[in-house]
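First comes the structure, then the notes that go with it.
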Amino acid sequence: MEFQIGVIAGDGIGPEVVAEAKKVLNKVGAVYGHSFHYKSILMGGCSIDATGVPLTDEAIAAAKASDAVLMGSIGGNTQTSPWYQLPPQLRPEAGLLKLRKSLNLFANLRPAYLYEELKEACPLRDNIIGDGFDMMIMRELTGGLYFGERKTEEIDGVMTAVDTLTYNENEIRRIAKRGFDIAMKRRKKVTSVDKANVLDSSRLWRKVVEEVAEDYPEVAYEHMLVDNCAMQLVKNPGQFDVILTENMFGDILSDEASMVTGSIGMLSSASLNDTKFGLYEPSGGSAPDIAGKGIANPIATILSAAMMLRYSFDLDKEADAVEEAVRQVLKDGYRTIDIMPQNENENVTLIGTAKMGDFICERIK
């Protein structure tokens, strides 16, 4: 089979980790008889440097013409980069928000699971980790506070900023259905996270989720306030299966969940629309401080490519092969610097970005 993949290498370590994901995809193609064709797309800081804007109309068109998009990280150091001296609508992250909206990518999937081999990298105590954890955070991606009306103005001599959090029932219903559908393929439990004791938007969220739950009698579901959820993620992460939540809460909770696994460099991410199309990216940032050093962990981007195989191309066997190759590399004791154990361990070997990609490729059968 042939597939057209839009590639946003991005900024910082983005080009380095995307190169390894492409290497793995090419190995999958060679082993299983597929052809992956890549189209480079500019977005983020590199697009600002080249075109003056973080995302052009031509880039959006190229993304829409692809079967899926693989992305590295975008952005730079918010304290020193000239990109962050620009107005907010011209900064790197504005390009990502625009792309999500343009492609109608309303459902963000962020798995967070703990590899047995990386238990020592988890910051939690052994009695909390238990047998490990495996959760999927389902984040609504095109509504809420990030897309509401905003303004900053002087009122009675005082500078005042306003951000508006807006959701309608249709936006909530479609993400809830996607969350319950995924729960049906997992352990059949949904934890819907909101702030219904304070926010009207959360009270509507809770009402609609309850309506959707009626269509999924096999799925156990519960409501949890966002502050409690943040606490439970570090107190008992094993209790969660699918966490369903709105845009800003999901942004924060997914980053917390990723660090509970030991390294954000291990976790993949998918953003889907109503079709098979998806944008696949690592959960971590562009890490400009280590860019170009060849030490970045490419596993999150490689696992994002595996999610692309599974969700956009329906290549489950191939996705399984990539995920198993990652597990085998970890089992064989190879680590990038972010997941190296703090204590000396003769059974663990430090390797760089490219070598990690090579070793994963070797184990794809």
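Based on the mean of other beta carbon atoms within 10 Å per residue, what is the order of 300-311, 172-183, 230-241, most packed first?
300-311, 172-183, 230-241
Cα convex hull, region 123-170: 174 Å³ per residue, rounded to a whole number. Need one word for region 253-315: rounded, prolate or oblate. Basis is the Cα gyration tensor (sqrt eigenvalues a ≥ b ≥ c); a/c below 1.5 gives rounded, then a/b vs b/c decides. Taking the square roots of the gyration eigenvalues as a ≥ b ≥ c, region 253-315 is prolate. Pairs from the list 276/317; 27/293; 23/119 with a Cα-Cα gap above 21 Å: 27/293; 23/119.
Counting each DSSP H run of 4 or more residues in the chain as -39500 (n - 2.57), what helix-only mean residue ellipticity at 222 nm follows after dividing by all residues, to the nearest 500 deg cm²/dmol? Estimated from H runs of four or more residues: -12000 deg cm²/dmol.
Modelled label positions at residue 231 and residue 218, each set 7 Å beyond Cα in the direction of Cβ, lie 3.5 nm from each other. Using a simple spin-label model with pseudo-atoms 7 Å out from Cα toward Cβ, residue 102 and residue 275 lie 1.5 nm apart. Computed from backbone phi, the HN-Hα couplings of region 289-298 come to 5, 10, 4, x, 8, x, 10, 5, 7, x Hz, rounded to whole numbers (Karplus: 6.51 cos²θ - 1.76 cosθ + 1.60, θ = phi - 60°; Gly and Pro given as x).
DSSP beta bridges confined to the chain are antiparallel in about 40 percent of cases. For residue 334, the residues 5 or more places off, or on other chains, whose built amide H falls under 5 Å of its own are 349.
On the principal axes of its alpha carbon atoms, the chain extends 62, 49, 44 Å, with the longest extent given first.
Could you tell me how far the Cα centroid of region 93-112 sits from the Cα centroid of region 139-177, in Å? Their Cα centres are 16 Å away from one another. Residue by residue, region 23-29 carries 3J(HN,Hα) couplings of 4, 5, 4, 5, 5, 4, x Hz when phi is fed to the Karplus relation 6.51 cos²θ - 1.76 cosθ + 1.60 (θ = phi - 60°); x denotes Gly or Pro.
Subtracting the Cα-Cα distance of residue 324 and residue 248 from 0.36 nm times their residue separation leaves 24.1 nm of extension gain. Here the Gaussian network model covers the chain, with springs between Cα atoms less than 10 Å apart; of 85, 342, 328, 342 fluctuates the most. Between 160, 336, 191, the Gaussian network model of the chain with springs among Cα atoms under 10 angstrom shows the greatest mean-square fluctuation at 160.
For the modelled label position 7 Å from the Cα of residue 49 along Cα-to-Cβ, which residues of region 275-311 have backbone nitrogen atoms closer than 19 Å? Residues passing the 19 Å test: 285-296. Largest mean-square fluctuation among 294, 29, 157, in a Gaussian network model of the chain whose springs join Cα atoms under 10 Å apart, belongs to 157.
Sequentially through region 343-359, phi angles give Karplus couplings (6.51, -1.76, 1.60; θ = phi - 60°) of 8, 4, 8, 5, 8, 10, 10, 7, 9, x, 4, 5, 5, 4, x, 4, 5 Hz, Gly and Pro residues having no value and appearing as x. Kirkwood hydrodynamic radius of region 163-238, from the reciprocal of the average inverse Cα-Cα distance over all distinct pairs: 13.1 Å. For residue 221, nonlocal amide neighbours, meaning residues 5 or more places apart or on other chains whose placed amide H falls under 5 Å from its own, are 190.
Sort region 298-365 into rounded, prolate or oblate with this rule: let a ≥ b ≥ c be the square roots of the eigenvalues of the Cα gyration tensor; rounded if a/c is under 1.5, and if a/c is not under 1.5, prolate when a/b is larger than b/c, oblate otherwise. Because a/c hits 1.5 or more and a/b exceeds b/c, region 298-365 counts as prolate. Projected over all directions and averaged, the alpha-carbon convex hull of region 111-242 occupies 10.5 nm².
In terms of its C-alpha gyration tensor, region 5-155 comes out oblate, because a/c is 1.5 or above while a/b does not outweigh b/c.
Here, each number is a calculation from the coordinates, and none is a lab measurement. The model shown is predicted, which means the values in this text are computed figures rather than measured ones. Because the Cβ atoms are built from the backbone with ideal geometry, glycine has one as well, and the counts that use them run over all protein chains shown.
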